[in-house]
Amino acid sequence: MPREFPRTRRVGEQIQRELAGILHEELKDPRLGMISVSGVEVSRDLAHARVYVSVLGGEEDVSETIKVLNKAAGFLRHQLGQRMRLRAVPQLRFLYDESLAEGARMDALIAAALAGRHPPEDDD
């Protein structure tokens, strides 16, 4: 994992906050469902940003949402440029954040393992 620099982290956090607002307020596309921006990784030179989003829905919804977001990246970048005070706004690339789905899968596995185990019996 590359070493994280405070400026890239701060810029990433600000991009995450601003993008969440822009997606909620300004991007009106009927193909988009419930989206949340779960993280942003900015390159050291601040030229590129990977935006991780979580999407409520099935796999088709996820792929369609990622496609729509990547096509709207230019508009979103322009909106970011108006809201943020950066010399150059990074290129945006949207990716699906699989950590929430993986966490839910792990919870289900743990619940299934615990359900298969019998509680200890009391010896009276």
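Nothing in this text is a laboratory measurement; each read-out follows from the coordinates by a stated rule. All of these numbers come straight from a predicted model, not from anything done at the bench. Using ideal geometry, Cβ is built from the backbone for each residue, glycine included, and neighbour counts are taken over all protein chains shown.
One residue stands out in the stretch 17-32 among those that are outside any helix (DSSP H, G or I), in contact with a helix residue (DSSP H, G or I) (Cβ under 8 Å, 6 or more places away or on another chain) and among the charged types (D, E, K, R): the one that is farthest from L80 (Cα to Cα), namely R31.
Matching residues to (1) more than 17 Å from D97 (Cβ to Cβ); (2) among the basic types (K, R); (3) surrounded by 13 or more Cβ atoms within 10 Å (Cβ to Cβ):
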residue: G12; (1), (2), (3): no, no, yes
residue: M34; (1), (2), (3): no, no, no
residue: E64; (1), (2), (3): no, no, yes
residue: A72; (1), (2), (3): yes, no, yes
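When restricted to residues that are out of contact with any helix residue (DSSP H, G or I) (no Cβ under 8 Å at 6 or more places or on another chain) and not in a strand (DSSP E or B), the stretch 34-56 contains 4. Select from the stretch 72-107 the residues that are aliphatic (A, V, I, L, M) and assigned to a helix (DSSP H, G or I) and write down the one among them that is farthest from E60 (Cα to Cα). The selected residue is L80.
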